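Structure first, commentary second.
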Amino acid sequence: MTIAFMDMPTAASAALPHAGRRFAAFLFDMDGTLITSIDSANRAWTRWAAMRGFDPAHVISIMHGVRTVETMKRLGVADPEAEAAWITRTEIEDTEGVVPIAGVAEFLATIPAGRWAIVTSASRALAEARLARAGIAVPPVLVTAEDVERGKPDPACFLLGAARLGVDPVRCLVLEDTLAGLAAADAAGAAGLAITVTHSHPIATAHPAIRDYRGLAVAAGADGLAIVRSGPHGAG
C-alpha cells in the first residue's frame, strides 16, 4: 500500500509510526524534515534560473532532496561546482523564513545524546546557517554534502551517519521528506519515516508518514528507542 505525502493527519491523531519497533539511532534529513527552508531555497534557485536562462519551475521541481552540484550536472551547466557554490552562498546569505518543523524541538529533546544525527544534502556551512536560524543545535554527528562522493539516493550518507554513531544502519530509523532520501534509506537497509508538512503535491511512498512531530516523543529502553505519544501517557 502507498501513502500519499498530502493531507496527512497530525501525529497526535494518527497511528504511531513504526509502533512496537525499537531502533539504535535516528538519522534525520534536514531541509523539510527538521526545518522548512523552501522559501529561501526557492528564492535562490529562481534568481539563478533567471540569470542562466532556465525555467525556474522546472529547476525547482528537480532540486529538492539532492546535492546542489548534482542538480547542476543534471541541468548540464558548464561548471557545476561554480554554479553550486553560487547557490550555496546565496542561500547562506538569505535564511529568511527558515523555521523548525512543528514539534521538532520537543521531539529531539527526548532522544538521548549520541543517538541521533543529521544527514543532509546541504553543505556544512549552509546546514550550520539554517540550523542556527531555526534554533536547532548542531549535533555531534552532522553528515553533509562534502562528506560523500555520491549524494542521495545513494546510501553512502546514511551509512556514514550510522558508522559515526557506532550503530548498524539496519537498526536505524531515517526520517526524510523526499523520495531520493527514502530510497537512500532503503538502500542502506534502514527503516524510513516520511515527514510531509512541506509538501503541497502528493508523492507516494510505502513508508509510514507523519505530517510533523507534534504529539510524539522518543522513549529509550534497554532494547532501543521507540516513538511514543508525548504527554502523561507517553515519554514526556
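Some points to look at:
- Among (1) crowded, with 17+ Cβ neighbours inside 10 Å; (2) outside any loop (DSSP other than H, G, I, E, B); (3) not hydroxyl-bearing (S, T, Y) - the single one V66 does not satisfy: (2)
- Test: residue in region 154-173 that is modelled with pLDDT under 95, surrounded by fewer than 21 Cβ atoms within 10 Å (Cβ to Cβ) and more than 26 Å from A109 (Cα to Cα): no
- Any hit, region 116-133, residues being farther than 25 Å from W86 by Cβ, assigned by TED's automatic domain parsing to the domain that holds G189 and surrounded by fewer than 19 Cβ atoms within 10 Å (Cβ to Cβ): no
- Taking the conditions (1) among the charged types (D, E, K, R); (2) assigned to a helix (DSSP H, G or I); (3) in contact (Cβ under 8 Å) with a residue 40 or more places away in the chain; (4) loosely packed, with under 15 Cβ neighbours inside 10 Å in turn, R89 satisfies each one other than (3).
Yes/no per residue for (1) assigned by TED's automatic domain parsing to the domain that holds T196; (2) among the polar types (S, T, N, Q); (3) at pLDDT 95 or above:
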residue	(1), (2), (3)
A15	yes, no, no
D29	yes, no, yes
G53	no, no, yes
P56	no, no, yes
D79	no, no, yes
R89	no, no, yes
L108	yes, no, yes
I111	yes, no, yes
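- Test: residue in region 41-56 that is within 30 Å of G215 (Cβ to Cβ) and surrounded by fewer than 18 Cβ atoms within 10 Å (Cβ to Cβ): yes
The values are calculated or read from the model by the stated rules, or taken from the named source; none is laboratory data. In this text the structure is predicted, and so the values were computed from the model without any measurement. Ideal geometry is used to build each Cβ from the backbone, glycine not excepted, and the neighbour counts take in all protein chains shown.
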